[in-house]
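Data block below; observations after.
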Amino acid sequence: MNSRQIRQTFLDFFASKDHAIVTSAPMVVKNDPTLMFTNAGMNQFKDIFLGNSPANNPRIADTQKCLRVSGKHNDLEEVGHDTYHHTMFEMLGNWSFGNYFKKEAIDWAWELLVDVYKIPVDKLYVTIFEGDEKDGVPMDLEAHALWSKYLPEDRILKGNKKDNFWEMGDSGPCGPCSEIHVDIRSEDEKAMVNGRDLVNEGHPQVIEIWNLVFIQFNRKASGQLEELPAKHVDTGMGFERLCMVIQNKQSNYDTDVFQSVITQIGYLAGKKYGADEKADIAMRVIADHLRAISFAITDGQLPSNNKAGYVIRRILRRAVRYGYTFLDFRKPFIHQLVQVLAQNMGGAFPELIRQQELVVNVIREEEDSFLRTLETGIKMLDTIIETTKKNLGSEVNGNVAFELYDTFGFPLDLTELILREQELTVNRDEFELAMEAQKNRSRSATQLETGDWIELQQAEGEGFVGYDNVESKIKINRYRKVKGKKGEFYQLVFNTTPFYAESGGQVGDSGTIELNGNKVEIFDTVKENNLTVHLAKILPANPEGLFTARVNIHNRSLTENNHTATHLLDHALREVLGTHIEQKGSLVNPDSLRFDFNHFQKVTDDELLRIQERVNQLIRANEKKDERREVPIAEAEKMGAIALFGEKYGDKVRVIKFGDSVELCGGTHVESTGTIGQFIILSEGSISAGVRRIEAITAVKAEQYVETRLKTLKEVSSLFNNPADLKGAVEELFLKFQLLAKQAEAFEKENAGKLKRELLNQVETINGINFLGQQLKVDNSAILKDIAFQLKGELGNLFLVLAAEIDGKANIHVMISDNLLAEKGMNAGAIVRELAKSVNGSGGGQPFYATAGGKEPAGIPVLLQNARKLLI
RNA sequence: GGGGGAUUAGCUCAGUUGGCUAGAGCGUUUGACUGGCAGUCAAAAGGUCAUCGGUUCGAUUCCGAUAUUCUCCA
């Protein structure tokens with residue numbers, strides 16, 4: 001069976017057991033502050049488990065794209081060195097939401113593995129939870145009894161809380177789990193060591209492939225467990241491992257999931273997989289990371305310099321680094337692998353094919369920029385090596401290596417590699433110490449103290465009513481206090497709310513809640529795990545009461561103008577630039593709108609103008625809003641609605657139509673486009689390879705913009721006495737100015753020349769040295785400098801002192817011919833410092849030329865006499 | 001969100017205790033050699049040293065703020 005068949009078989013199997021098959025959620029997580037990426041199959045159902053949303057279907061199965069690179073599951077540094085860790089992987093899973101429980105979950109798992117996939121029974125082991133006294137949970141005898149039907153006692157192992165009790169977090173849903181392990185060692189090895197001794201011991205060929213979690217408890221903030229009324233099943237099976245087992249391979253990377261890409265890497269590198277351990281590791285790293293990066297990009301997460309984008313960048317750089325070090329790649333190469341990946345996985349994940357060009361471009365750009373980073377790092381390292389060797393050291397200071405890494409992004413392992421060639425090492429302890437200090441700094445800066453939720457009541461409500469109302473009666477169901485570095489605030493959850501929570505690029509609403517004349521301001525509204533959370537600086541006096549919630553209508557309607565304009569812009573972009581345009585991000589707030597989209601060249605001024613004109617045309621057409629809620633997703637697609645990659649949609653969606661613009665959107669919009677008034681594009685630029693950004697304003701802001709521009713224009717025009725051709729007048733003035741500036745420069749030169757000639761007549765020879773000490777009337781010290789250098793060029797054997805009073809201060813310049821420096825041991829710097837005493841000043845410079853300033857210009861004549869005396 | 005760095009000619013970058021009337025390479029323009037191209041040689045143009053403020057006799061250099069950008073950590 002190839003990997004495609006294995007995946008499909010899983011889905012077909014659970015479909016036959018009445019499961020709804022859903023698509024994978026995006027790998028990039030939105031609206032969950034605790035998680036950047038989907039790291040398990042259950043993530044997309046988290047809000048169901050938490051009780052925030054109802055389950056539309058009690059039985060679900062899917063394959064989920066997951067990424068484990070940060071937080072609890074951080075496998076990044078392992079990947080490639082062994083044969084079974086991955087950053088991105090697929091997790092096959094089936095779920096029951098208050099429907100079937102342990103019996104069905106275990107029976108079906110067994111049926112699928114043994115009867116369908118034909119995995120030999122004697123390779124399988126299972127584990128069950130042994131119980132925990134502290135939590136008061138007994139051994140999972142139910143699971144034990146179910147497994148006993150299929151396996152002898154010595155293949156059912158008891159596991160502790162760490163391995164066999166699953167928890168979502170410090171609090172929340174949890175329960176015992178039962179894992180299925182498989183032993184794929186050779187018969188010889190099995191004879192030597194019993195497989196049951198290797199389960200959960202980190203052996204690469206005795207591995208867990210499926211985890212069945214039975215969610216039957218809720219852990220309260222106090223740590224106590226309470227039995228859940230509705231019990232759930234959550235399972236996860238590693239797809240790549242399953243393929244390895246079924247295809248009888250010893251490594252995930254030997255399966256067809258990875259081999260096509262690895263073959264291509266080998267071809268590009270001119271090396272064969274399996275010939276050299278280090279090269280093999282590099283190929284595995286690259287094959288793995290390629291998938292992670294490509295899927296992240298298609299899900300809308302571009303590499304960037306912070307947060308999730310930075311994680312993606314780091315993964316890509318790790319791949320480049322391994323290619324650079326072990327496969328001798330010096331030019332971008334990873335982007336050349338995308339095509340093979342798309343061929344291999346595009347069937348199951350069509351977004352890879354659709355966005356292939358973007359993925360290639362983004363990766364190439366990133367590779368280029370990292371190779372540049374490496375180049376500058378190598379240059380810096382060269383000078384470090386040089387100085388270390390000059391000082392006869394054999395070890396490079398760890399802080400220096402850390403600076404190279406921290407500030408310039410040059411990885412430590414590369415530093416060490418290059419140093420080793422020069423027989424140098426890095427002081428690792430110093431490096432680690434500096435690293436630890438940096439981590440502590442970051443941690444203490446981001447510390448957020450989140451208190452427990454305080455449940456006030458469980459008032460029934462309608463959830464979000466803000467599409468139809470901007471004011472409604474609400475009750476506060478629960479709240480908690482959050483303490484950050486910049487003060488503390490409260491998070492409030494209502495039974496019903498007119499406040500729109502930040503989502504889909506539209507900022508959250510602000511406003512007030514009021515009870516008996518006491519108003520509390522809501523300064524922002526955000527979403528957390530599908531829960532609308534209102535942020536307030538203070539807690540209302542009687543939190544249990546019935547409040548009147550009012551959205552700040554002014555900001556809301558400005559935001560709506562911009563949001564609708566964004567849809568019109570999207571539509572216009574497709575008309576003018578082509579239908580390849582896809583949204584890559586957007587920001588909509590009361591002030592302006594920002595729209596990012598894929599396009600591979602600069603949008604020309606002409607195109608921009610046409611886009612702007614088209615949007616304004618659509619505004620004047622005054623298209624009425626056609627809003628449809630609860631549209632089945634298939635029907636929405638038939639309507640031609642534009643969906644976004646990387647956005648998670650439910651079965652039912654909301655469709656917003658304005659004329660021919662049709663989009664899936666949860667945001668708030670104007671009633672008809674005429675309200676927007678006017679649309680002006682402020683800028684167009686690139687934010688990353690293949691992604692452009694347009695910033696624009698509408699309505700009042702656009703009006704103000706035009707007004708100030710017109711006012712400025714009017715003022716400028718009146719400065720020119722309102723000419724018919726203002727542009728011509730300005731150009732003419734500019735030309736005249738240039739001419740005058742040139743003339744002035746020539747005049748000044750001539751003047752300086754004249755001055756210089758006059759000065760030449762004043763030269764007196766004292767003891768064979770040409771001396772000139774004069775006070776000049778100039779208003780700019782640059783002229784003195786210029787004259788000094790000119791005189792030096794014309795007259796040898798010269799000791800020159802020029803002085804002037806500029807802005808009430810004395811300005812002294814001393815110039816000495818080169819020959820005198822050596823012959824007479826004269827030094828302009830020392831001389832000028834000494835002379836400056838006469839004007840109560842100080843100065844300095846080089847031996848042949850120095851300047852000084854002083855606060856008492858009256859002393860200049862004395863100063864000049866003193867200068868003369870130096871020669872006598 | 002926090003730390004560190006960078007911003008100098010069209011591009012890539014030098015500029016080490018504050019004073020070298022701000023430099024290099026590539027590119028551009030002009031001239032010479034050549035039948036033409038390529039090329040070689042010669043010369044020139046091109047900079048408010050990111051912006052604003054401070055310290056100083058004097059700031060590209062030191063200090064502070066802002067903007068942009070790179071990088072590491074969370």
Problem set entry | Hits in the range A:662-683 (condition: closer than 12 Å to A:E627 by Cα and open to solvent by less than 30 Å² (accessible area, probe 1.4 Å)) | A:V662, A:E663, A:L664, A:C665, A:G667, A:T668, A:H669, A:V670, A:S672
Problem set entry | Residues satisfying the stated conditions in the range A:690-745, i.e. modelled with pLDDT of 75 or more, open to solvent by 100 Å² or more (accessible area, probe 1.4 Å) and among the basic types (K, R) | A:R709, A:K711, A:K714
Seminar exercise, completed: In the range A:312-346, residues that are modelled with pLDDT of 90 or more and surrounded by fewer than 19 Cβ atoms within 10 Å (Cβ to Cβ) total 5
Problem set entry | Tally, over the range A:370-379, of residues that are surrounded by fewer than 15 Cβ atoms within 10 Å (Cβ to Cβ) and near RNA strand B (Cβ under 10 Å from one of its atoms) | 4
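To keep it simple, each residue is scored yes or no on (1) near RNA strand B (Cβ under 10 Å from one of its atoms); (2) touching a residue at least 24 places away in the same chain (Cβ under 8 Å).
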position: A:H289; (1), (2): no, yes
position: A:T298; (1), (2): no, yes
position: A:Q301; (1), (2): no, yes
position: A:K307; (1), (2): yes, yes
position: A:Y310; (1), (2): yes, no
position: A:I315; (1), (2): no, yes
Seminar exercise, completed: If you go through A:K792, A:K785, the only one that is open to solvent by 70 Å² or more (accessible area, probe 1.4 Å), charged (D, E, K, R) and under 18 Å from A:Q846 (Cβ atoms) is A:K785
Problem set entry | the range A:492-542, residues that are modelled with pLDDT under 90 and charged (D, E, K, R) | A:E502, A:D524, A:K527, A:E528, A:K537
For this session: Could you tell me whether any residue of the range A:115-130 is under 30 Å from A:A15 (Cα atoms), charged (D, E, K, R), in contact with a strand residue (DSSP E or B) (Cβ under 8 Å, 6 or more places away or on another chain) and in the same structural domain as A:H232 (by TED's automatic domain parsing)?
Result: yes
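Touching a residue at least 24 places away in the same chain (Cβ under 8 Å), closer than 30 Å to A:A55 by Cα and surrounded by fewer than 16 Cβ atoms within 10 Å (Cβ to Cβ), is that true of A:R654? Reasoning before the result, please.
Values: touching a residue at least 24 places away in the same chain (Cβ under 8 Å): yes; closer than 30 Å to A:A55 by Cα: yes; surrounded by fewer than 16 Cβ atoms within 10 Å (Cβ to Cβ): no.
So A:R654 does not fit the description; no.
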Exercise. How many residues are in a helix (DSSP H, G or I) and among the small types (G, A, S) when one looks only at the range A:230-262?
Worked result: 1
Exercise. Do you know which residues across the range A:795-825 are free of Cβ contacts under 8 Å to residues at least 40 places away in the same chain, in contact with a helix residue (DSSP H, G or I) (Cβ under 9 Å, 6 or more places away or on another chain), open to solvent by 10 Å² or more (accessible area, probe 1.4 Å) and closer than 22 Å to A:P861 by Cα?
Worked result: A:I806
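Answer yes if at least one residue in the range A:39-62 is in a loop (DSSP other than H, G, I, E, B), within 40 Å of the chain's Cα centre (by Cα) and among the basic types (K, R), and no otherwise.
Narrowing the range A:39-62 to residues in a loop (DSSP other than H, G, I, E, B): A:39-40, A:50-58.
Next, only the ones that are within 40 Å of the chain's Cα centre (by Cα) stay: A:39-40, A:50-58.
Cutting the leftovers down to among the basic types (K, R) gives us none.
The answer is no, given that none of the residues of the range A:39-62 is in a loop (DSSP other than H, G, I, E, B), within 40 Å of the chain's Cα centre (by Cα) and among the basic types (K, R).
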Problem set entry | Criterion violated by A:L871 - all others in (1) open to solvent by less than 10 Å² (accessible area, probe 1.4 Å); (2) more than 16 Å from RNA strand B (Cβ to nearest atom); (3) of a type in the set (A, V, I, L, M, F, W, C) satisfied | (1)
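Only one of these is closer than 17 Å to A:A702 by Cα, over 26 Å from the mean Cα position of the chain (by Cα), open to solvent by less than 80 Å² (accessible area, probe 1.4 Å) and among the polar types (S, T, N, Q): A:N622, A:N616, A:N589. Name it. Please lay out each step first, then the result.
Details: A:N622 fails: closer than 17 Å to A:A702 by Cα; A:N589 fails: over 26 Å from the mean Cα position of the chain (by Cα).
On inspection, the qualifying residue turns out to be A:N616.
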Exercise. Hey, among A:A549, A:A565, A:A572, which residue is in contact (Cβ under 8 Å) with a residue 24 or more places away in the chain and more than 30 Å from the chain's Cα centre (by Cα)?
Worked result: A:A549
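Select from the range A:836-859 the residues that are buried (at least 20 other Cβ atoms within 10 Å of the Cβ) and away from RNA strand B (no atom under 12 Å from the Cβ) and write down the one among them that is farthest from A:N780 (Cα to Cα). Explain how you work it out, then say what you get.
Taking the range A:836-859 and keeping what is buried (at least 20 other Cβ atoms within 10 Å of the Cβ), we get A:836, A:838-839, A:841, A:843, A:850-852, A:854, A:857, A:859.
Next cut, away from RNA strand B (no atom under 12 Å from the Cβ) only: A:838, A:859.
Working: A:S838: 21, A:G859: 19 Å.
Filtering the range A:836-859 for residues that are buried (at least 20 other Cβ atoms within 10 Å of the Cβ) and away from RNA strand B (no atom under 12 Å from the Cβ), the one farthest from A:N780 (Cα to Cα) comes out as A:S838.
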Exercise. What are the residues in the range A:524-578 that are assigned by TED's automatic domain parsing to the domain that holds A:N477, under 30 Å from A:Q44 (Cβ atoms) and open to solvent by 50 Å² or more (accessible area, probe 1.4 Å), if any?
Worked result: A:K527, A:N530
Exercise. Would you pick out the residues in the range A:642-676 that are in a strand (DSSP E or B) and charged (D, E, K, R)?
Worked result: A:K652, A:R654, A:K657, A:E663
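Would you mind finding the one in A:N94, A:N43, A:N57, A:N99 that is closer than 19 Å to A:N530 by Cβ, touching a residue at least 24 places away in the same chain (Cβ under 8 Å) and not assigned by TED's automatic domain parsing to the domain that holds A:P303? Explain how you work it out, then say what you get.
Numbers: A:N94 fails: closer than 19 Å to A:N530 by Cβ; A:N43 fails: touching a residue at least 24 places away in the same chain (Cβ under 8 Å); A:N99 fails: closer than 19 Å to A:N530 by Cβ.
None of the other options fit; the residue is A:N57.
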For this session: Count, please, the residues in the range A:385-422 that happen to be away from RNA strand B (no atom under 14 Å from the Cβ) and either in contact with a helix residue (DSSP H, G or I) (Cβ under 9 Å, 6 or more places away or on another chain) or not in a loop (DSSP other than H, G, I, E, B) (or both).
Result: 15
For this session: Return yes or no: is A:G463 more than 16 Å from RNA strand B (Cβ to nearest atom), of a type outside the set (S, T, N, Q) and on the phi < 0 side of the Ramachandran plot?
Result: no
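Counting only residues that are open to solvent by 30 Å² or more (accessible area, probe 1.4 Å) and touching a residue at least 12 places away in the same chain (Cβ under 8 Å), give me the strands (runs of 3 or more DSSP E) lying completely in the range A:130-214 with at least 3 of them. Spell out how you get there, then give the answer.
Values: elements: A:156-159, A:165-167, A:172-183.
Once the strands (runs of 3 or more DSSP E) in the range A:130-214 are filtered for at least 3 residues that are open to solvent by 30 Å² or more (accessible area, probe 1.4 Å) and touching a residue at least 12 places away in the same chain (Cβ under 8 Å), nothing remains.
Anything in the range A:411-465 that is of a type in the set (F, W, Y) and either open to solvent by 70 Å² or more (accessible area, probe 1.4 Å) or in contact with a strand residue (DSSP E or B) (Cβ under 9 Å, 6 or more places away or on another chain) (or both)? List them, or say none. Break it down stepwise before answering.
Filtering the range A:411-465 down to residues of a type in the set (F, W, Y) leaves A:431, A:453, A:464.
Matches in the range A:411-465: A:W453, A:F464.
The values are calculated or read from the model by the stated rules, or taken from the named source; none is laboratory data. Computed from a predicted model, the values in this text were never measured in an experiment. Cβ sites come from the backbone with ideal geometry, for glycine too, and all protein chains shown count toward neighbours. Note: areas computed on protein heavy atoms with side chains; ligands, DNA, RNA excluded. Shrake-Rupley method; radii C 1.70, N 1.55, O 1.52, S 1.80 Å.
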